[in-house]
Amino acid sequence: MRKSLTVALLTVVFASSLSAATPRGPVVNVNAATVAQLAFLPGIGPKVALQIVAGRPYRSAAELDKAKGIGPKKLAGLVPYVTVNGPTTATAKIKVAK
């Protein structure tokens with residue numbers, strides 16, 4: 001019993017360390033990005049990017065819904081590509097597989 005518990009625990013620790021080390025792809029920091037960088041986000045153009053800038057600062061990606069032009073559906077699509085800390089790593093329009 002103890003051996004199987006140890007193996008299970010090690011499996012969980014190993015799996016979570018792998019997922020933490022896996023890069024999540026290009027992201028845009030909504031607190032620091034320029035309007036042009038915000039437009040890299042899927043479904044975001046210059047007008048909505050200006051609304052995002054006007055609503056700064058954001059403590060979480062969920063707060064983006066306070067920007068005019070971002071509803072629940074658009075917000076759900078943006079969350080994987082948004083950060084509120086760290087650098088913007090996106091260098092071009094982010095393409096979303098449909």
Quick one: 3J(HN,Hα) in Hz for segment 54-59, Karplus 6.51/-1.76/1.60 with θ = phi - 60°, rounded, Gly and Pro as x. 5, x, 5, x, 10, 8
In whole Hz and in residue order, list the ³J(HN,Hα) couplings for segment 36-44 that follow from phi through the Karplus curve 6.51 cos²θ - 1.76 cosθ + 1.60, θ = phi - 60°; x for Gly and Pro. 4, 5, 4, 5, 5, 5, x, x, 10
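Any read-out appearing in this document is the output of simple, stated calculations on the displayed coordinates, not a laboratory observation. Quantities reported herein were computed from a predicted structural model and do not represent experimental measurements.
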